[in-house]
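Notes to accompany the following structure.
The values are calculated or read from the model by the stated rules, or taken from the named source; none is laboratory data. Please read all numbers here as calculations on a predicted model, not as lab measurements. For neighbour counting, all protein chains shown are included, and Cβ atoms are generated from backbone atoms with ideal geometry for every residue, glycine included. To get the accessible areas, we keep the full protein, side chains included, count just its heavy atoms, and leave off ligands, DNA and RNA. Shrake-Rupley method; radii C 1.70, N 1.55, O 1.52, S 1.80 Å.
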Amino acid sequence: MTYPITVRSLSYRRTGILRASPGMKTENRAEDAEEVQKGLTMSDSAQNAYDKVLYPSYMHSQTHPDRLATVAILFGMQPAPIGHCRVLELGCGDGGTLIPIAYDLADSELVGIDLAVRPIAKGREAIQSLGLKNIDLRQGSIMDVPADLGQFDYIIAHGVYSWIPTAVQDKLMAVCRANLAPNGVAYVSYNTLPGCHLREMVRQMLLYHVRDVSVPQEKIDQAVALIRFLAESQVKPDSYRQLLKEELEQILEHGAPQLFHDELAEINTPAYFHQFMAQAARHGLQYLGEADFYEMQDHIYTPQTTQALNRLANDRLTREQYLDFLKCRRFRQTLLCHHEVTLDPSPKPGAVARFHLSSAARPVSPNPAIQGSLTVRFEGKRGAAMETDFPLAKAAMQVLGEVWPQAISFGELLEQAAGRSRAPGSGDGAVRTEDVQALCEILFRTYSNGLVELHLHVPHYAKDVSEKPAASPIARWQAQNGENVTTLRHLSIVIEDQLGRHLLTLLDGTRDRAALLRDLSAFIRDQAAAAISSEKPAVDIEAALAELPSDLDNNLRKLARLGLLVA
Ligand SMILES: C[S@@+](CC[C@H](N)C(=O)[O-])C[C@H]1O[C@@H](n2cnc3c(N)ncnc32)[C@H](O)[C@@H]1O
């Protein structure tokens with residue numbers, strides 16, 4: 001028996017979390033069921049839905065000031081340096097996003113506001129345990145945010161706008177105007193039409209089905225039961241069943257608390273992009289872009305489609321609206337800024353030279369021909385790929401793949417790539433200006449299709465495992481309190497097995513390998529004893545202990561690669 005650290009990226013969560021058919025019992029993940037159960041035992045007085053059932057807390061890397069400032073710079077803004085900035089999050093929940101940012105940006109000041117009592121209390125407990133001094137979580141309503149809270153360089157509202165009444169949406173926009181610094185960037189995510197028409201159809205059926213149910217767990221059971229019933233009771237496959245099946249898969253993937261708050265919420269109002277932007281404009285805000293830069297691109301379409309799009313839309317807003325029609329988009333992560341800011345609507349490829357770059361892309365060939373004119377293909381995540389015969393670009397992509405997950409500055413990348421791409425005996429003279437420009441063009445295109453990431457700020461994490469490894473204090477705290485862990489690369493991951501989480505909690509920089517092996521062995525023995533006393537399946541202790549040393553080495557390397565170890 002091995003004890004690997006099983007790490008899944010949240011977006012690839014595949015566990016069949018809920019299973020139910022009408023009239024049958026629902027199986028929940030223990031953690032979800034416990035959360036819903038807690039809600040049932042609480043007094044209903046003054047509890048909003050987010051107090052009754054806690055919302056799953058994750059880091060949303062697309063809200064990090066690093067991302068917001070990057071997009072702002074590309075569109076010609078001069079946002080505040082993220083190392084010394086002020087950040088406000090509206091509807092911050094338990095600080096799942098804001099706390100890791102506060103740890104990352106130690107010299108910045110962060111304020112989070114949320115209506116719910118329990119998440120704020122949970123977040124404050126984390127802040128106290130971690131000893132963070134630059135973050136303040138406040139319980140209160142967006143409606144009561146005073147103008148004298150001061151100005152913020154970055155304002156975040158993730159997963160809030162579509163679930164609040166119109167008056168609160170208006171106030172959210174008003175805060176983005178009144179409390180945003182002149183060169184500030186606001187991030188607001190929301191459910192969009194037309195994509196959400198499909199989701200809304202399912203939601204209305206679910207709401208009808210649970211109309212007389214008040215107990216959260218029962219609501220969830222019945223909602224899952226109905227959609228499963230609809231999706232599976234098919235005579236022959238058709239587009240309606242296919243759609244229901246896809247909805248069911250998404251619901252199962254997200255888990256019970258999310259179903260309760262997202263699909264079964266009293267308010268869940270999607271909007272067309274043009275409607276959202278009309279409201280933003282009424283508050284003196286303009287469209288800056290999307291937090292995911294590749295979402296603004298049309299490269300996935302044929303040249304004919306792009307030409308038609310250009311004929312339909314000759315301004316950015318109209319173009320974005322038609323892109324939603326094309327993509328049947330259901331969710332947006334829109335960045336706004338003051339309407340007085342002058343933007344450059346066409347980002348310049350040369351701007352990549354201002355950033356650090358990272359990419360998980362790898363050459364498809366095991367022996368890519370970097371020098372010379374043969375074409376090499378590089379592939380990354382989510383099907384993103386690029387091909388080039390330009391030696392400098394081939395070398396740059398190769399360097400990025402090798403240093404991944406670290407990011408390196410453009411200057412350093414250029415130097416390393418130049419060294420590799422030169423033919424033997426061609427000297428080591430400076431790279432020609434036109435070649436640097438061509439490299440920028442290619443890297444900018446790979447950024448636009450999501451293959452390369454740009455960063456202004458490089459988080460400090462250890463690439464290698466030291467003699468006495470130390471994990472990020474945030475991750476250690478999280479591992480003690482649940483399965484979700486935030487990496488120093490701003491990603492939320494799930495560490496499923498208990499031994500993996502226990503290892504993380506042990507990594508406080510005081511234990512060398514021998515001490516870790518000793519403590520992990522003791523943990524395995526304790527687990528085995530507990531299994532016997534609770535009549536669970538026996539653990540093969542001898543096998544587990546025999547494999548522990550090599551598992552430990554593998555897992556420490558894995559933690560380093562994930563960006564969980566500090567330097
Ligand atoms: C779906 S959760 C999102 C939490 C967090 N932003 C995230 O993405 O994980 C929505 C949050 O908005 C909060 N909220 C709803 N109405 C609010 C209001 N009027 N003022 C402040 N927070 C509010 C809820 O309490 C809840 O924590």
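Details
- If the condition is being out of contact with any strand residue (DSSP E or B) (no Cβ under 9 Å at 6 or more places or on another chain) and open to solvent by less than 10 Å² (accessible area, probe 1.4 Å), then the stretch 190-209 contributes VAL202, LEU206.
- Residue list for the stretch 213-241, restricted to those being farther than 25 Å from VAL53 by Cβ and either crowded, with 21+ Cβ neighbours inside 10 Å or of a type outside the set (Lys, Arg) (or both): GLU232, SER233, GLN234, VAL235, PRO237, ASP238, SER239, TYR240
- In the stretch 61-88, the residues that are within 13 Å of the ligand (Cβ to nearest atom) and in contact with a Ser or Thr (Cβ under 6 Å, 6 or more places away or on another chain): THR63
- Residue identified as away from the ligand (no atom under 16 Å from the Cβ) and either surrounded by 20 or more Cβ atoms within 10 Å (Cβ to Cβ) or not small (Gly, Ala, Ser) (or both) among LEU244, LEU264, LEU259: LEU244
- Residue match in the stretch 448-462 (condition: within 30 Å of SER129 (Cβ to Cβ), of a type in the set (A, V, I, L, M) and open to solvent by less than 20 Å² (accessible area, probe 1.4 Å)): yes
- Unique residue being in contact with a strand residue (DSSP E or B) (Cβ under 9 Å, 6 or more places away or on another chain), part of a helix (DSSP H, G or I) and in contact (Cβ under 8 Å) with a residue 24 or more places away in the chain when the list is ALA475, ALA543: ALA475
- The strands (runs of 3 or more DSSP E) located wholly in the stretch 89-167 that include 2 or more residues which are open to solvent by 10 Å² or more (accessible area, probe 1.4 Å) and more than 9 Å from the ligand (Cβ to nearest atom) occupy 135-139.
- Evaluation of TYR58 against (1) within 11 Å of the ligand (Cβ to nearest atom); (2) surrounded by 21 or more Cβ atoms within 10 Å (Cβ to Cβ) (one fails), failing number: (2)
- Residue, nearest to the ligand (Cβ to nearest atom), within the stretch 168-189, restricted to residues that are open to solvent by 10 Å² or more (accessible area, probe 1.4 Å) and in a strand (DSSP E or B): ALA181
- Residue count, the stretch 197-212 (criterion: under 15 Å from ALA225 (Cβ atoms) and free of Cβ contacts under 8 Å to residues at least 12 places away in the same chain): 3
- Qualifying residues in the stretch 211-270 (those that are among the small types (Gly, Ala, Ser) and more than 13 Å from LEU198 (Cα to Cα)) - the one farthest from the chain's Cα centre (by Cα): SER233
- When SER466, SER550 are screened for being surrounded by fewer than 18 Cβ atoms within 10 Å (Cβ to Cβ) and at pLDDT 90 or above, only SER466 passes.
- Taken over the stretch 327-353, the residue count meeting the criterion of being within 24 Å of the chain's Cα centre (by Cα) and assigned to a helix (DSSP H, G or I) is 2.
- Qualifying residue in the stretch 190-200 (condition: charged (D, E, K, R), in contact with a helix residue (DSSP H, G or I) (Cβ under 6 Å, 6 or more places away or on another chain) and either within 26 Å of THR63 (Cβ to Cβ) or part of a helix (DSSP H, G or I) (or both)): no
Here's the yes/no breakdown for (1) of a type in the set (S, T, N, Q); (2) touching a Leu at 6+ places or on another chain (Cβ under 6 Å); (3) crowded, with 18+ Cβ neighbours inside 10 Å:
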position	(1), (2), (3)
LYS348	no, no, no
SER359	yes, yes, yes
GLY372	no, no, no
VAL403	no, no, no
SER409	yes, no, no
LEU414	no, no, yes
